[in-house]
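Structure first, then comments.
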Amino acid sequence: MKISLESLKTHWPQALLLLFSFIGFLDATYLTVVHYANFRLPCAIFTGCETVTNSVYSTMGGIPVALLGVFFYLFVFLATIGYLLHRHRYMPYILVYVSFSAFLFSLYFISLQIWVLKAICFYCVMSATLSTLIFLTTVYYRWHRLP
Amino acid sequence: MDKQAATIWTIVIIVLTLIVVGIVALVTASKQPTNGVLSLPVQVDDWTIGGANATTTISLVEYSDFQCPACAFYADWTRKLILDIPELRLTYRHFPLTKIHQNADLSARAAEAAGKQGRFWEMSELLFTNRDKWADDNKAEVIFSDYAQQLQLDPAKFTEDLNSQITKNKVSQDLESGLRSGVTGTPSFYLNGAFINNPKTYEDFVRIIEDALAASASPAV
C-alpha cells in the first residue's frame, strides 16, 4: 500500500473508520480510567455522568462497559489498518457484524440512560454516536462493494 | 509482512500505548484534592441530631451509605456518641456508592421519605441494623415499606416520597457536596468542617471530639 492523497480518496470509508474508532478509543479509554479511578467526571455539557458511570448498569459481570468500548474501538481501528495493509478477504464482513453488535449495545445503553437512569452522560452519548457511525460506514462499504 | 507494514504496525502500537498512558496521567493529575474541608456547611434541611441543650456545640458531619458495612459499624458508635457527648451535633449526609451497592440510592431515599414524617433517625437505625436482609434484595422497596409500617408511617405518603423527585434531588445534593468536599469512600467524617481520619476505636473517637471541644471552648483571650 502506498500512502497518498489518491489512496485516501479511494479508501475514504477506511479513513472514516479510522477517524471514528480513534475518537471512540480516546473516549472509551477516558471513561474506563475514570471508572477505575472513581473520579468525578468534568461533565459540562449534560448533567448526569455521575449517575450513569456509577450506576449498577456501568458494569457487566464485573467488566466496565467502558472497557468493552475500548476493546471494540481498538478492534475496529486495528482491523481497518490490517485490512488496508493486508487485504484480508473477510475483514469487511467481520467489521459489519462486530459493529452491528456494538450498535445494538449502544441502543440498549442509551435507552437505559433515557428511561431507567433518567440521566444522560455526554461521553456515553458520544460513544453511542461513534459506534452508530462506524456501523453505518461498514454497511455502506459492504453494500457498495467498495475497494 | 513487508517492511512498510511492519513499520506501520509498530508506530500504531506505540502511539496507542502512549495515548493510554497519557490519559491515565491526565486523569490522575486532575484528581481532586483528597478529603480536606467540608464544602457545604450544615444546612437547615440537613438531618442533624444532638447538642440541643448544650451552650457550645461541636459539629460532626458524616457522609454515609446505608448499604456500606463500615457505615453500619460506625453508626453504632455515632448513636452512642450523641448520648455520651451532649455538645455533639451529628449531621447525616448521603453518599450512596451506587457503583458497588445496588440498593444504596433506594435506602437513602427510604430514610429521606421516613424523615418527611419525622422518623429519619429511626429509619436509619432500622436500615443499618438490618443491612444484610435488604442489601442484595431486588425487591428492597417491599422491605423498606415494611419498615415504614413498623415505624407507623403513612404508607401511601412513604411510597410517594420515596419516589419523588424532591427526595432524589436531596440525595444527589448530598452526594454532590460530598464529592466537592473530596469524599472518596464511606463513612467520611468532618469535625467542625475539617476532615478526620476514621477513628480506630470508640475511645479514640470520643477523645478526638473532646479535644476539639476543649479547643473551641477555651478561646485564647
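The values are calculated or read from the model by the stated rules, or taken from the named source; none is laboratory data. If you're wondering where the values come from, they're calculated on a predicted model, not measured in any experiment. Neighbour counts run over all protein chains shown; Cβ positions are idealised from the backbone, glycine included. Ligands, DNA and RNA are stripped out before the accessible areas are found, and what is left, the full protein with its side chains, is counted by its heavy atoms. Shrake-Rupley method; radii C 1.70, N 1.55, O 1.52, S 1.80 Å.
For n ≥ 4 DSSP H runs only, could you compute -39500 (n - 2.57) per run for the protein assembly as shown, divide by its residues and tell me the 222 nm figure to the nearest 500?
-19500 deg cm²/dmol
Selection among A:Thr137, A:Phe109, A:Pro64 by position relative to the dipole of the protein assembly as shown gives A:Thr137 as farthest towards the positive end (Cβ unit charges, Cα centre).
Given a cut-off of under 8 Å on Cα pairs at least six residues apart, what relative contact order in percent is computed for the range B:47-217?
Reported relative contact order: 30 percent.
Only protein heavy atoms count here, probed at 1.4 Å, and on that basis chains B and A bury about 2100 Å² of accessible area in total. For B:Arg180 and B:Ile100, the difference between the fully extended length at 0.36 nm per residue and the C-alpha to C-alpha distance is 26.8 nm.
If contacts are Cα pairs under 8 angstrom and at least 6 residues apart, what is the relative contact order of the range B:69-161 in percent?
26 percent
Per-peptide packing, taken as the mean over residues of other Cβ atoms within 10 Å, places B:145-153, A:65-73 in the sequence A:65-73, B:145-153 from highest down.
Taking label positions 7 Å along the Cα-Cβ direction at both B:Ala54 and A:Trp12, the computed distance is 7.3 nm, reported to one decimal. Averaged over peptide A:85-92, the number of partner chain Cβ atoms lying within 10 Å of each residue's Cβ comes to 1. Axis of helix B:140-150 versus longest Cα principal axis of chain B: the two differ by about 10°, to the nearest ten degrees. Considering every alpha-carbon pair of the range A:78-147, the percent of pairs per 5 Å bin, from zero through the bin containing the longest distance, is 3, 17, 22, 20, 14, 10, 8, 5, 2, 0.
Explain nothing, just the number: relative contact order of the range B:24-116, from Cα pairs under 8 Å at least 6 residues apart, as a whole percent.
Relative contact order, the range B:24-116: 32 percent.
Roughly how far apart, in whole Å, are the Cα centres of the range B:100-135 and the range A:61-135? Cα centroid of the range B:100-135 versus Cα centroid of the range A:61-135: 38 Å apart. Peptide B:19-29 is shielded by partner chain Cβ atoms: per residue, an average of 4 of them sit within 10 Å of its Cβ. Carbon and sulfur: what percent of chain B's accessible surface (1.4 Å probe)? Its accessible area is 58 percent carbon and sulfur atoms. The mean count of C-beta atoms from other chains within 10 Å of the C-beta of residues in B:90-99, rounded to a whole number, is 2.
For the range B:47-217, compute Rh as the Kirkwood radius over C-alpha pairs and then the Stokes-Einstein diffusion coefficient at 20 °C and 1.002 mPa s; write the answer in µm²/s, rounded to an integer.
131 µm²/s
Placing +1 on each Lys and Arg Cβ and -1 on each Asp and Glu Cβ, with no other charges, gives the protein assembly as shown a dipole about its Cα centre of roughly 1840 debye. Peptides B:192-203, B:96-107 ranked from most to least packed by the mean count of surrounding Cβ atoms within 10 Å: B:96-107, B:192-203.
Of the beta bridges in chain B, as assigned by DSSP with both residues counted there, near 60 percent are antiparallel.
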